[in-house]
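This report refers to the structure that appears directly beneath it.
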Amino acid sequence: MRTVVISVGTDHHPFDRVLEWAARAQQQLGVHVVAQRGATAPHCGVESFEYIPAPELEARMRAADAVVCHGGPGTIGLCRSAGQRPIVIPRDPSLGEHVDDHQIRWTAKLARQGEIDLVDSYDELIDQLQVEHRRIPDNTVDVEQSIKAFGTLADALLAGELPRRPFRQRLVFRRTL
């Protein structure tokens, strides 16, 4: 039986839509769903946990056939580090799932870049869950090198050695996210 791992993050807003879709998909496709549900109430028939520690969640994601998540950058990054191309359902503020539309805007950008599979409806979720190979190539990022480069930049910034970008450039950058 195929396994689908779902993570809705830990925001205090419920995300009932995802667990409702998960329960329907479990019945329709005969998959086993395991969900980290945060503030969302348990849903009949879906194995779920309010919180799963990050190392355990990553291990579950790595072993899963598919991973579905909300539009949080941390969760999307965790999916990708687990070798999964995430199926993403952004929280929608008009449904009371978040305070604003930043997840909708962020995930639209990632979808345009080909980093995620963005889902807006139950039917799209079913289509994505039927894709057999959702794995991405091994993450070959050199973590030590990345940490060292970040440290060098942080030291230069704190020492006042990096020029500050003009206000207009900072404003333009914020609008592109």
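Here is how the numbers come out for the structure above:
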read-out	value
Any hit, segment 135-144, residues being surrounded by 10 or more Cβ atoms within 10 Å (Cβ to Cβ), within 22 Å of the chain's Cα centre (by Cα), modelled with pLDDT of 75 or more and of a type outside the set (Phe, Trp, Tyr)	yes
Residue check, residue 129 modelled with pLDDT of 95 or more, touching a strand residue (DSSP E or B) at 6+ places or on another chain (Cβ under 8 Å), open to solvent by 40 Å² or more (accessible area, probe 1.4 Å) and among the aliphatic types (A, V, I, L, M)	no
Segment 155-166, subset within 31 Å of the chain's Cα centre (by Cα) and under 30 Å from residue 112 (Cβ atoms), residue modelled with the lowest pLDDT	165
Tally of residues being in contact with a helix residue (DSSP H, G or I) (Cβ under 7 Å, 6 or more places away or on another chain) and not hydrophobic (A, V, I, L, M, F, W, C) across segment 98-122	4
In segment 96-113, residue nearest to residue 126 (Cα to Cα) [restricted to those that are modelled with pLDDT of 90 or more and hydrophobic (A, V, I, L, M, F, W, C)]	111
Condition check for residue 70: modelled with pLDDT of 95 or more, within 23 Å of residue 135 (Cα to Cα) and open to solvent by 50 Å² or more (accessible area, probe 1.4 Å)	no
Residues satisfying the stated conditions in segment 105-116, i.e. within 17 Å of residue 66 (Cβ to Cβ) and open to solvent by 30 Å² or more (accessible area, probe 1.4 Å)	111, 115
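Every residue, every condition in (1) of a type in the set (Lys, Arg); (2) in contact (Cβ under 8 Å) with a residue 60 or more places away in the chain; (3) out of contact with any helix residue (DSSP H, G or I) (no Cβ under 7 Å at 6 or more places or on another chain), yes or no:
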{"site": "6", "(1), (2), (3)": "no, yes, no"}
{"site": "19", "(1), (2), (3)": "no, no, yes"}
{"site": "33", "(1), (2), (3)": "no, no, no"}
{"site": "39", "(1), (2), (3)": "no, no, yes"}
{"site": "46", "(1), (2), (3)": "no, no, no"}
{"site": "51", "(1), (2), (3)": "no, no, yes"}
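The values are calculated or read from the model by the stated rules, or taken from the named source; none is laboratory data. Model, not experiment: these values are computed from the prediction. Reconstructed Cβ throughout: ideal geometry from the backbone, glycine too, with neighbour counts over all protein chains shown. Remember, those area values only see protein heavy atoms, side chains included, never the ligands or the DNA or RNA. Shrake-Rupley method; radii C 1.70, N 1.55, O 1.52, S 1.80 Å.
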